[in-house]
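A short write-up of the structure that comes next.
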Amino acid sequence: MPTRIKTFPCGHKGRGQYCHRCQQEQQQQQEQQQQQESERATQRAWAASFAGRQRNLKDRHGLRAGHPPLNHSDDSFP
Ligand SMILES: [Zn+2]
């Protein structure tokens, strides 16, 4: 008895009720998407922490050293 190989709508050939190749691809895509989302979440968290750190640095710097006179050249001497 020959194995029944049918052609799926996607063009792949195989046995079974659905295309296992496409299922695998879908699974891989889902995994990739999940990975991307987790990476994005990590990036967001990192960016947030980085921004917070920068703000902290700036605040600390401003508190400690103060700002240098930026508009010195604009000062009109009477
Ligand atoms: Zn397929």
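The values are calculated or read from the model by the stated rules, or taken from the named source; none is laboratory data. All values derive from a computational prediction rather than experimental measurement. Here the Cβ positions follow ideal geometry from the backbone for every residue, glycine too, while neighbour counts run over all protein chains shown.
Below is a table of values for the structure above.
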{"quantity": "Residue list for the range 6-38, restricted to those being among the basic types (K, R) and part of a helix (DSSP H, G or I)", "calculated": "R21"}
{"quantity": "Matching residues, the range 22-60, being among the hydrophobic types (A, V, I, L, M, F, W, C), more than 9 Å from the ligand (Cβ to nearest atom) and more than 18 Å from the chain's Cα centre (by Cα)", "calculated": "L57"}
{"quantity": "Residue under evaluation A51, criteria (1) at pLDDT 95 or above; (2) in a helix (DSSP H, G or I), criterion not met", "calculated": "(1)"}
{"quantity": "Odd one out for C19, checked against (1) near the ligand (Cβ under 9 Å from one of its atoms); (2) exposed (fewer than 10 other Cβ atoms within 10 Å of the Cβ); (3) not basic (K, R)", "calculated": "(2)"}
